[in-house]
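J.: If you scroll down you'll find the structure; I have some questions about it.
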Amino acid sequence: MEMAVAVKEADIIILAIWFAAINEFLTQYASELAGKIIVDPLNPIAPDDKGGFVKIIEENQSAGQINATLLPKGATLAKAFGPLGAVSLANASGQTPDLAVLFYATDD
């Protein structure tokens, strides 16, 4: 299925792209995203030259706030799923008394 068709037919979009690609994605598919729920699990990071990652926004900036300003009219942003990777969640699955915790945030 082509991306434009998938985006148009979905009720909820979960972003699975690099943070730096969000602006292009939201601009390219603005009409298809209008009125949709967009789940943003992304962290504002990019690979560095040492095999790790580096933050690509200012220390005092919020990735959620930046992305909310880029949304098409009528779209809703939910910040979710980002803080822990699959390995961390699997390792904490069923653990007691300290379960893995994920936070979700939206203005709606």
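J.: So, in the stretch 1-47, how many residues would count as being within 14 Å of ALA75 (Cα to Cα), of a type in the set (Asp, Glu) and under 17 Å from the mean Cα position of the chain (by Cα)?
T.: Count: 2.
J.: Is it true that LEU77 is in contact with a helix residue (DSSP H, G or I) (Cβ under 7 Å, 6 or more places away or on another chain) and modelled with pLDDT of 85 or more? So that I can check it myself, show each step before the final result.
T.: On the way: in contact with a helix residue (DSSP H, G or I) (Cβ under 7 Å, 6 or more places away or on another chain): yes; modelled with pLDDT of 85 or more: yes.
Criteria met by LEU77.
J.: Within the bounds of the stretch 91-104, is there any residue that is buried (at least 17 other Cβ atoms within 10 Å of the Cβ) and out of contact with any strand residue (DSSP E or B) (no Cβ under 6 Å at 6 or more places or on another chain)? Before you say what the answer is, go through the steps one by one.
T.: We begin by selecting, within the stretch 91-104, every residue buried (at least 17 other Cβ atoms within 10 Å of the Cβ); these are none.
No, the stretch 91-104 has no match at all.
The values are calculated or read from the model by the stated rules, or taken from the named source; none is laboratory data. All figures in this text were calculated on a predicted structure; none of them were measured in a lab. Using ideal geometry, Cβ is built from the backbone for each residue, glycine included, and neighbour counts are taken over all protein chains shown.
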